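Engineer: Pasting a structure below so you can have a look.
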Amino acid sequence: MIKIENKENCCGCSACFNACPHRCITMKADCEGFLYPVTDVSICTECGLCEKVCPIINRKENHSLQVLAAKNPNNQTRKDSTSGGLFSAIAEKIIEDGGTVFGATFNNNWEVVHKGVNNIQDLSSLRGSKYVQSNIADCFKEIKQLLEQNIPVLFSGTPCQAAGLKLYLKKEYSNLFITDIVCHGVPSPQIWKEYLHSVKENVQDIRYINFRKKERGWADADFIITDNKGNTIVKDKFRENLYYKGFMDNLYLRPSCYRCPARYGFYHSDITLGDYWGIEKQHPEFADADGVSLVIVNSEKGKKLLEELNIQIQESSIEKATDNRNACILNHPRRTIDSAYFWKQYKKTGVAAIAKSLEHKKKPSLRRFCNKMLDRLKQR
């Protein structure tokens with residue numbers, strides 16, 4: 001049975017929860033807000049299915065076929081997307097073929113969850129990055145039911161979620177297409193929830209959230225939250241927003257992200273999508289203020305799907321794609337002393353610990369010393 005003794009050994013993909021035939025596994029949040037499987041041993045038959053679908057136990061090496069820069073030719077779709085609008089192009093094709101698209105969206109409480117949509121109108125709710133770990137719930141079961149009915153399905157999620165889905169299904173389906181993302185790591189849903197309450201006590205009064213609104217272009221996007229009256233509650237340059245900075249500084253990532261089982265070379269997806277940062281340096285003729293997608297093709301199925309789309313592409317390479325700010329394609333986020341400091345402060349002050357931890361990082365000599373000590377301990 002699944003038993004989590006080291007939290008680095010669980011990515012929270014929910015594959016074990018979906019696979020358990022006796023429903024003896026539930027996903028419960030820990031003190032940091034991350035979901036982990038808990039097994040009811042009184043009804044567990046020790047069939048081992050939960051371990052067989054775990055992406056950390058069952059890593060699969062995979063070599064990518066092609067690296068591209070790409071853009072959706074629809075300018076409005078590209079402006080409404082986080083990068084170059086490739087997810088929309090793929091998702092629209094699946095829906096036009098009578099399929100269902102599963103991706104991350106907000107629920108009524110502005111929590112991030114996965115759900116399926118089968119019409120173009122609802123696709124907008126899945127568009128755009130959401131920097132919170134999503135709750136998969138029963139999505140893998142729903143996907144399998146649709147696949148068995150020969151309905152085309154597109155699943156979009158993090159690399160570990162994609163790996164969990166593939167392992168859960170146990171076999172290849174010609175009508176399944178999987179896209180994942182270039183992932184920096186997933187922040188705590190609990191910290192996201194508390195951050196929202198810090199800017200708006202009643203989250204039901206929130207009408208709109210966009211982590212990267214391109215009012216001034218792709219590279220200078222805004223983190224925006226508005227209320228039901230149309231008032232702007234938060235408007236920051238996305239890299240200067242408190243929550244986003246804490247995320248990028250690895251203050252509240254899931255422990256498994258520091259040893260991710262599904263980064264480049266271990267993708268289970270057909271296509272990996274991200275921002276092509278540095279496009280103006282590597283392919284200046286293809287640069288675009290409204291965004292350019294990085295596309296890593298991981299399967300022949302993914303390659304064929306891209307060939308059927310009306311998109312603009314530019315051949316590239318993994319070396320060019322990782323030359324600027326896409327180091328997270330190849331490397332895990334680094335666990336530093338700042339994360340431990342954050343969680344210690346969080347127990348005392350709640351979400352205010354983000355600001356305290358970012359201020360603490362301004363003490364470079366102390367930070368460098370502590371990080372050197374961590375590195376030495378890892379080498380022992």
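Engineer: Within region 61-78, does at least one residue satisfy the condition of being assigned to a helix (DSSP H, G or I) and within 21 Å of the chain's Cα centre (by Cα)?
Structural biologist: Kept after step one, since they are assigned to a helix (DSSP H, G or I), are these residues of region 61-78: 75-78.
After this cut, where a residue has to be within 21 Å of the chain's Cα centre (by Cα) as well, the list is 77-78.
Scanning region 61-78 turns up at least one residue that is assigned to a helix (DSSP H, G or I) and within 21 Å of the chain's Cα centre (by Cα).
Okay, residues lined up against (1) among the β-branched types (Val, Ile, Thr); (2) touching a strand residue (DSSP E or B) at 6+ places or on another chain (Cβ under 8 Å):
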{"residue": "52", "(1), (2)": "no, no"}
{"residue": "59", "(1), (2)": "no, no"}
{"residue": "63", "(1), (2)": "no, no"}
{"residue": "101", "(1), (2)": "yes, yes"}
{"residue": "107", "(1), (2)": "no, yes"}
{"residue": "136", "(1), (2)": "yes, yes"}
{"residue": "145", "(1), (2)": "no, no"}
{"residue": "152", "(1), (2)": "no, yes"}
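Engineer: Would you check which residues across region 29-58 are assigned to a strand (DSSP E or B), in contact (Cβ under 8 Å) with a residue 24 or more places away in the chain and under 22 Å from residue 132 (Cα atoms) and list them? Walk me through how you get there before you give the answer.
Structural biologist: Kept after step one, since they are assigned to a strand (DSSP E or B), are these residues of region 29-58: 29, 35-39.
Now restrict to residues that are in contact (Cβ under 8 Å) with a residue 24 or more places away in the chain: 29, 35-37, 39.
Within region 29-58, 29, 35, 36, 37 qualify.
Engineer: Kindly provide the set of residues from region 217-268 that are in contact with a helix residue (DSSP H, G or I) (Cβ under 8 Å, 6 or more places away or on another chain) and of a type in the set (Phe, Trp, Tyr), ordered by number.
Structural biologist: 223, 238, 243, 244, 252, 258, 264, 266, 267
Engineer: Within region 338-353, is even one residue touching a Cys at 6+ places or on another chain (Cβ under 8 Å) and free of Cβ contacts under 8 Å to residues at least 40 places away in the same chain? Break it down into steps so the answer makes sense when it comes.
Structural biologist: Our first condition is that a residue be touching a Cys at 6+ places or on another chain (Cβ under 8 Å); within region 338-353, this holds for none.
The answer is no; no qualifying residue exists.
Engineer: Quick check on residue 83: is it assigned to a loop (DSSP other than H, G, I, E, B), of a type in the set (S, T, N, Q), in contact with a strand residue (DSSP E or B) (Cβ under 8 Å, 6 or more places away or on another chain) and closer than 26 Å to residue 215 by Cα? Reasoning before the result, please.
Structural biologist: Working: assigned to a loop (DSSP other than H, G, I, E, B): yes; of a type in the set (S, T, N, Q): yes; in contact with a strand residue (DSSP E or B) (Cβ under 8 Å, 6 or more places away or on another chain): yes; closer than 26 Å to residue 215 by Cα: yes.
So residue 83 fits the description; yes.
Engineer: Suppose we filter 103, 116, 128, 99 for residues that are of a type in the set (Gly, Ala, Ser) and in contact with an Asp or Glu (Cβ under 7 Å, 6 or more places away or on another chain); which single one remains? Before you say what the answer is, go through the steps one by one.
Structural biologist: On the way: 103 fails: in contact with an Asp or Glu (Cβ under 7 Å, 6 or more places away or on another chain); 128 fails: in contact with an Asp or Glu (Cβ under 7 Å, 6 or more places away or on another chain); 99 fails: in contact with an Asp or Glu (Cβ under 7 Å, 6 or more places away or on another chain).
Testing whether each residue is of a type in the set (Gly, Ala, Ser) and in contact with an Asp or Glu (Cβ under 7 Å, 6 or more places away or on another chain) leaves just 116.
Engineer: Further question: Take residues that are assigned by TED's automatic domain parsing to the domain that holds residue 81 and among the aromatic types (Phe, Trp, Tyr) and tell me which of the strands (runs of 3 or more DSSP E) falling wholly in region 97-204 contain 2 or more. Spell out how you get there, then give the answer.
Structural biologist: Working: elements: 100-106, 112-117, 153-157, 176-181.
Correct list: 100-106.
Engineer: When region 301-325 is examined, which residues are found to be in contact with a Leu (Cβ under 7 Å, 6 or more places away or on another chain) and not hydrophobic (A, V, I, L, M, F, W, C)?
Structural biologist: Once the filter is applied, which keeps residues that are in contact with a Leu (Cβ under 7 Å, 6 or more places away or on another chain) and not hydrophobic (A, V, I, L, M, F, W, C), region 301-325 yields 303, 314, 315, 316, 322.
Engineer: Let me ask something else. Under 6 Å between Cβ atoms, which residue pairs at least 6 apart in sequence (or on different chains) link something in region 62-82 that is in contact (Cβ under 8 Å) with a residue 60 or more places away in the chain with a partner that is among the aromatic types (Phe, Trp, Tyr) and not in a helix (DSSP H, G or I)?
Structural biologist: 62/267; 69/276
Engineer: Can you confirm whether region 199-211 contains a residue that is within 30 Å of residue 62 (Cβ to Cβ) and either of a type in the set (S, T, N, Q) or crowded, with 18+ Cβ neighbours inside 10 Å (or both)? Spell out how you get there, then give the answer.
Structural biologist: From region 199-211, those within 30 Å of residue 62 (Cβ to Cβ) are 211; that's our starting set.
The next check asks that each one be either of a type in the set (S, T, N, Q) or crowded, with 18+ Cβ neighbours inside 10 Å (or both); those that pass are 211.
Yes, the conditions are met somewhere in region 199-211.
Engineer: If you don't mind, another one. Just to confirm my filter: which strands (runs of 3 or more DSSP E) fall fully inside region 215-333 and include at least 2 residues that are outside the structural domain of residue 355 (by TED's automatic domain parsing) and buried (at least 21 other Cβ atoms within 10 Å of the Cβ)?
Structural biologist: On the way: elements: 222-227, 232-237, 271-275, 293-297, 312-315.
Output list reads 271-275, 293-297.
Engineer: Further question: Can you name every residue in region 13-32 that is touching a strand residue (DSSP E or B) at 6+ places or on another chain (Cβ under 7 Å) and on the phi < 0 side of the Ramachandran plot?
Structural biologist: Our first condition is that a residue be touching a strand residue (DSSP E or B) at 6+ places or on another chain (Cβ under 7 Å); within region 13-32, this holds for 14, 16-17, 24-30.
Within region 13-32, 16, 17, 24, 25, 26, 27, 28, 29, 30 qualify.
Engineer: Another one. I'd like to know if region 128-142 contains one or more residues that are more than 30 Å from residue 33 (Cα to Cα) and surrounded by fewer than 23 Cβ atoms within 10 Å (Cβ to Cβ). Don't jump to the end; show me each part of the working.
Structural biologist: As a first pass, look at region 128-142 and keep what is more than 30 Å from residue 33 (Cα to Cα): none.
Taking every residue of region 128-142 in turn, none turns out to be more than 30 Å from residue 33 (Cα to Cα) and surrounded by fewer than 23 Cβ atoms within 10 Å (Cβ to Cβ).
The values are calculated or read from the model by the stated rules, or taken from the named source; none is laboratory data. Keep in mind that this is a model prediction, so the values were computed, not measured. Quick reminder, even Gly has a Cβ in these numbers, built from the backbone with ideal geometry, and neighbours come from all protein chains shown.
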